[in-house]
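Below: one structure, written as structure tokens.
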């Protein structure tokens, strides 16, 4: 596995996956998922930075631009909706990518407050997309894809 963290650019052409999901006010689920995928032949792109320059007035624009560009570059996107926050930006991104043909992997914590909304919207748009409810199951879906 190769790991790339924002704001580092990904320029490669290997099988790649963007880790979309909550960052603010939630646990570092990205670290857990990365650990679960450590033996896979895949490039993981993580928007969560170890040190976000909160006092830099350009940091937000840089972050959003990095995410926008890299969501387009990767071959697949995983989404994780944690219970601690509603993740309004992630919901926005999910809606955008749900209607495209890029492989998606979706995990929703069983206590996520908008769980039913994700389930219904997904069923209506992509009835064959299987939502999972824990990171282990999400990792297993990604592993199957990475090995295909």
For the range 2-146, just list the percent of Cα-Cα distances falling in each 10 Å bin from zero outward, please. 11, 44, 37, 8, 0
99, 132 arranged by Cβ crowding within 10 Å, fewest neighbours leading: 99, 132
Distance in Å, no decimals, from the C-alpha centre of the range 109-146 to the one of the range 1-58 is 19 Å
Per-residue Cβ neighbour rank within 10 angstrom, fewest leading, 127, 137: 127, 137
Distance in nm between residue 24 and residue 113 label points, each 7 Å along Cα→Cβ, equals 1.4 nm
With 0.36 nm assigned to each residue of separation and the Cα-Cα distance removed, residue 38 to residue 124 gains 27.6 nm
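Quick note: the coordinates plus some simple rules give every number you see, no bench work behind them. All figures in this text were calculated on a predicted structure; none of them were measured in a lab. Every residue, glycine as well, gets a Cβ built from its backbone with ideal geometry; the counts of neighbours run over all protein chains shown.
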